[in-house]
Structures are given as C-alpha cells and as structure tokens.
Amino acid sequence: MTSLPERARSRARDATLVDVEHPLEPFWRGIIAYRLLTLLTVVGITLYHLRTGYVLPLAALGVLLVMTVWTAVTSWGYLGGLPGSPDRRGRLALADLAVCVAIMATTPWIVTRAHLDDGAPGMGSIWTSGAVLACAVAFRIRGGVLAATAISAALVLSKERFGALELGDIQLLVLAGLTVGFASHVLERTAARLRRLAAEQAAAAERERLTRAVHDGVLQVLAHVQRRGAELGGGAAELGLLAAEQETSLRALLSGPGTTDASGRRDLGAALRILASDRVTVSAPGHPVELAALVVDEVEGAVRAALANVALHAGPGARAWILLEELPRAIEVSVRDDGPGIPDGRLAEAVAEGRMGVSRSIRGRVEDVGGALTLDTGPEIGTEWVIRLERGDT
C-alpha cells in the first residue's frame, strides 16, 4: 500500500511535470478568474444605473447577455476545450479582442452623454481588459502592447472624450500588457531550459546505465583485440586498428556528446577531454573554446583516428598527449606520442597499398573543415600531428 508521503511526492512530481510542459496554464486559468470577477462587477454597475444611465436599457441588458455568453466561450477555450492544439488560444485571444472592441463601440448609442460626463464607464468597462491579458499571454509583449493600444483607442473613441480618467485607464492597460507579456516570455524560456535540462539528465542516466553494462564486456574485448592485433601484425594489425577506433568511439559515446548551444556551436575542449584515459593526457584551456558543431565533430574524429594509430603502431605501452591551444588568429590541436615514429615513406606506401586509414580519417577530416594538418615524426621524437584552424574558418 502506498504511504501518504509517497502519494504526496508523486502528486508534486506530476504537478511539476505539467508546469514544465505547459508553463502558461496558470496564466490562462488566472485570466478566466479575472474575467468572471470583472463580469460580475460590470453586471452590478449596469444594473445599478440601468434606469438613469442608459438611453436603451434593454440594449444594455442585451450587451450584458452577450458578455456572459462570450465569457463562457472564452473560459472553455482558454482551458484548452477548443478542438485542435492549444495554439488555437492565440486565435481565440484575437477574436476576444475583436468582440471587446465591438462591445465598446456600442457605448454612444446605449449610455447617456450625461452619464459619461460624470465619469461613468462605457459598455464593457473593466471586463474588456481581459482581452489585453489574453493577447499578452498568447503573443507575449508585442501582443499585450498592441491589444492595449486597440482597447485604449476604442475607449477614447467610444466615450468621445480624453481626460485624466481615460489617461489613467490607458496607462493601466499598457502596463498590464507589458507586465503579463514579459512574464509569459520569461516563464516560457525558463520552462524550455528546464525541459532541456531534464532531457540531458535522462540521457546522462541512460549513458551511465549503458556504461555499466558494456564496460566489463565489449570495451575489454575491443582492447584485447587491439593489443593482439598489434602483436601479430599483418592482417591482424588492420583488425586491431578497427578495434581501437571502435573502442575510442564507444568510450566517447558513453561519456556523452558535447552540448550544442542555440547557435549551433560546441566546446572543442569538452569534446577532447572525454578522450582522456590512463595513457592519454588532455590539456585544454579552462574556458570554453566554442566552434561550429560540424568543425568540432570533424576535429574530434581526426584526433580519435590519431589515437587509434598510436595504439596500433606505437605499441601497447605508448602514451599520447593532446594539447588544445588558442592562438591570436588560429586554434591548434596537437596529438603527440612517445612511440618509435613513422618511417620515411611509410604513409606513401600505405596509400599505394590501398590502406587509406591515416589519409582518410585524419587529413580528410581536417581539410573538409578548412583546416591544415602537419606531421612531425622521427625515431627519437615519436609522432606529432598538428591540426590548425584559422579563426575565420570556424
């Protein structure tokens, strides 16, 4: 049997999920409550002045009936009762604005001139401001301000006067449109960030589960194939190279992909740090080095290929160092190992023999993103690949 605290936590969690997925729902419910309260206020004022303040009392009652029916329609629609997606609320808010303007336009024919000169409100009164709030929630700041402008114009034209009372009403309308529109904008952005964070946390949890599942199996097998291939040489060496590449790719996948911001850029330093291991040391600036996501992907792939080459040719005990540097006009990534180096002409022989691993995996990736690749190797200095990316190309 579920305990009361557990049920309470479950309800709180479900409520939080609803708020994140539909952050503006409380605003729509608030507009409905505001509409109902203002309708009661307008009905009371109209009935109180029905005999003395209106040229056509029956017409005033007819307008009240229209307002009551329209309040019911908008309440149903703002709660999401209209067929289709919640996006229909925006169209309903525009229709709400049009109905409010039409109701205000009846003022000169229904309300007496003396009643208006005494400071009495026009038809609709404070009830019409609900359309401003609805447009502000549906269309944010711009919608709130434009709706406030439309209601303000209808207010002045219908009453045929512009005094301190009307000026105060206009100020309140504009302030309400701005405030609610801005609050809706901020709340929607905050909810989007929370949804993105929740998705990232779920992905991280799934990666952690996969890491535990494959670490003691697949990764160890790939590492063993890599070592045995390097020891046996020949065709087995090619198999070892493939195993090394797949091991590095799998480790990178389990470590999690770098996040891409709204402008499509990623942190190159973060992408390289996930390649660190007991035999690979990564040095990168403490601050983000953001480049286009495609560039980061290709550079990361080239570095992985270089590390796979180290594991295959430099021996099982070889170490590698990855260095990311920010220069005034360029960004450089170097991959250095302490192996025996690449003999002269060895790369050309590999190309001639149809083994394009280094050329295709490293040089091809770098050149595809407009970078330059240099190689420094020798018996006493090991092998160092340097990837240079000009600032204008990234």
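Of note:
- Any chance Val310 is over 21 Å from Ala270 (Cα atoms) and either part of a strand (DSSP E or B) or at pLDDT below 90 (or both): yes
- Selection within the stretch 366-384: residues that are in a strand (DSSP E or B) and modelled with pLDDT of 90 or more. The member of this set that is surrounded by the most Cβ atoms within 10 Å (Cβ to Cβ) is Glu384.
- Filter pass, Gly84 being in contact with a helix residue (DSSP H, G or I) (Cβ under 8 Å, 6 or more places away or on another chain), loosely packed, with under 15 Cβ neighbours inside 10 Å and either within 20 Å of Thr46 (Cβ to Cβ) or at pLDDT below 95 (or both): no
- Of residues in the stretch 336-359 being of a type in the set (Gly, Ala, Ser) and within 28 Å of Glu325 (Cα to Cα), the one modelled with the highest pLDDT: Gly339
- Some residue of the stretch 131-138 being assigned to a helix (DSSP H, G or I) and surrounded by fewer than 20 Cβ atoms within 10 Å (Cβ to Cβ): no
For (1) farther than 13 Å from Leu97 by Cα; (2) among the acidic types (Asp, Glu), each residue gets a yes or a no:
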site	(1), (2)
Arg142	yes, no
Ser152	no, no
Ser158	yes, no
Arg161	yes, no
Leu165	yes, no
Asp169	yes, yes
Leu172	yes, no
Val180	yes, no
Ser184	yes, no
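- Qualifying residue in the stretch 257-269 (condition: modelled with pLDDT of 75 or more, outside any strand (DSSP E or B) and either hydroxyl-bearing (Ser, Thr, Tyr) or surrounded by 16 or more Cβ atoms within 10 Å (Cβ to Cβ) (or both)): yes
- Of the criteria (1) over 43 Å from the mean Cα position of the chain (by Cα); (2) surrounded by fewer than 15 Cβ atoms within 10 Å (Cβ to Cβ), which one Ala72 fails: (1)
- Qualifying position, being outside any loop (DSSP other than H, G, I, E, B) and either over 17 Å from Gly269 (Cα atoms) or at pLDDT below 90 (or both), among Ile362, Ile322: Ile362
- The one condition in (1) more than 22 Å from Lys159 (Cα to Cα); (2) free of Cβ contacts under 8 Å to residues at least 24 places away in the same chain that Asp118 fails to fulfil: (1)
- Search result, residues across the stretch 139-183 that are assigned to a helix (DSSP H, G or I) and among the basic types (Lys, Arg): Arg140, Arg142, Lys159
- Scanning the stretch 139-155 for residues that are more than 30 Å from the chain's Cα centre (by Cα), surrounded by fewer than 18 Cβ atoms within 10 Å (Cβ to Cβ) and of a type in the set (A, V, I, L, M, F, W, C) turns up just one, Ala153.
- Residue satisfying condition, being at pLDDT 90 or above, assigned to a helix (DSSP H, G or I), within 28 Å of the chain's Cα centre (by Cα) and small (Gly, Ala, Ser), within set Gly62, Gly44, Gly90: Gly90
- Residue within the stretch 290-305 that is closer than 23 Å to His224 by Cβ and modelled with pLDDT under 85 present: no
The values are calculated or read from the model by the stated rules, or taken from the named source; none is laboratory data. Remember, predicted model here, so these are calculated numbers, not experimental data. Heads up, the Cβs are rebuilt from the backbone with ideal geometry, glycines too, and the neighbour counts pull from every protein chain shown.
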